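A.B. asks: Sharing a structure here in structure tokens format.
The values are calculated or read from the model by the stated rules, or taken from the named source; none is laboratory data. Values in this document were obtained by computation on a predicted structure and should not be read as measured data. Note that we place each Cβ from the backbone using ideal geometry, even for glycine, and neighbour counts take in every protein chain shown. Protein only, heavy atoms only, side chains kept; ligands, DNA and RNA dropped before computing areas. Shrake-Rupley method; radii C 1.70, N 1.55, O 1.52, S 1.80 Å.
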Amino acid sequence: MPELPEVEALADHLRRHALGLTIERVDVTALSVLKTFDPPVDALRGREVTGALRWGKYLGVAAGELYLVMHLARAGWLRWSDELPAAPPRPGRGPIALRVHLGSPGPGFDLTEAGTQKRLAVWVVGSPQDVPGIAALGPDALTVSGSELAALLAGNTGRIKTVLTDQKVLAGIGNAYSDEILHTARISPFATAAKLTGAQLTALHEAMTSVLVAAVARSVGQGAATLKGEKRSGLRVHARTGLPCPVCGDTVREVSFAEKSFQYCPTCQTGGKVLADRRMSRLLR
């Protein structure tokens, strides 16, 4: 799933390539992707792209007084082309859900989605706050201060792994970067958010800042096609089950539940204790 650094990089890519261009046409090949109908998507036609923005994990294109807002969800992506085919993509053929032409012929981008679970979402709105998910976002994880983070976690009895990925608490962090942040901070994924010590809160804020800033620095300037590989290359524990921890050499472990899994290092994060997989037995704390 694209998270804050990748979405920021995509916004930067659009700022460098799409600003000043005119939206000539929008082809919708999967009607389920559209979450609004008024104004219609055709209202974007003829409007100049005046901005590219990010709200948490939401990506947006400003076109005059309208916004095309996109949430790439778990398997969505933005694919840029310097010269799109003039013919519209055929519905039901391939992963393309929506195509934005910025010339005729000319550059533009496709929104694609892999897999069978279609969660990619697009809104055409007069204000980003008209998108319910954006209106409910917590403060951006890149800008929150240490004291603000402590206040957000105070009284929250959820597991810190879950809290970090709750967009209503903090905007922009998903499964992968929460693993990286907790590993860097040396905090167990199952630690209770409200019970973190002052030292742990400081370490968590420092880790959150350093991990996200480094990931943004690696990602911004990359082509959209290379961002996924860049993300994987910078991960130290996430998706590295069975490999040695780059800090201590212990084996990176995994806990799986529902449709997700997360990774951690027992030595660095849980005092050497291995957390039981929820699919097998009760949690070890």
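A.B. asks: Return a yes/no flag: does the range 141-149 have any residue that is closer than 12 Å to residue 57 by Cα, open to solvent by less than 40 Å² (accessible area, probe 1.4 Å) and β-branched (Val, Ile, Thr).
C.D. replies: No, there is no match, as no residue in the range 141-149 is closer than 12 Å to residue 57 by Cα, open to solvent by less than 40 Å² (accessible area, probe 1.4 Å) and β-branched (Val, Ile, Thr).
A.B. asks: Mind checking whether some residue in the range 153-163 is out of contact with any strand residue (DSSP E or B) (no Cβ under 9 Å at 6 or more places or on another chain) and among the charged types (D, E, K, R)?
C.D. replies: No, there is no match, as no residue in the range 153-163 is out of contact with any strand residue (DSSP E or B) (no Cβ under 9 Å at 6 or more places or on another chain) and among the charged types (D, E, K, R).
A.B. asks: Also: Out of the range 161-200, which residues are over 28 Å from residue 72 (Cα atoms), surrounded by fewer than 20 Cβ atoms within 10 Å (Cβ to Cβ) and of a type in the set (A, V, I, L, M, F, W, C)?
C.D. replies: Within the range 161-200, 194, 199 meet the criteria.
A.B. asks: Next question, about the same structure. Does residue 211 fit the bill of being assigned to a helix (DSSP H, G or I), of a type in the set (Val, Ile, Thr), open to solvent by less than 40 Å² (accessible area, probe 1.4 Å) and over 15 Å from residue 237 (Cα atoms)?
C.D. replies: For residue 211, the condition - assigned to a helix (DSSP H, G or I), of a type in the set (Val, Ile, Thr), open to solvent by less than 40 Å² (accessible area, probe 1.4 Å) and over 15 Å from residue 237 (Cα atoms) - is not met.
A.B. asks: If you don't mind, there's one more thing I want to ask. If we keep just the residues of the range 229-265 that are in contact (Cβ under 8 Å) with a residue 24 or more places away in the chain and in contact with a Phe, Trp or Tyr (Cβ under 8 Å, 6 or more places away or on another chain), which is most open to solvent (accessible area, probe 1.4 Å)?
C.D. replies: In this case the residue turns out to be 238.
A.B. asks: While we're here: Given the structure, is residue 83 of a type in the set (Asp, Glu), at pLDDT 95 or above and touching a Gly at 6+ places or on another chain (Cβ under 9 Å)?
C.D. replies: Here the answer is no, as residue 83 does not meet what is asked.
A.B. asks: Also, quick follow-up: Under 7 Å by Cβ, and 6 or more places apart or on different chains, what pairs join a residue from the range 123-138 that is under 18 Å from residue 37 (Cβ atoms) with one that is polar (S, T, N, Q)?
C.D. replies: Partner pairs satisfying both residue conditions: 123/36; 124/36; 125/36.
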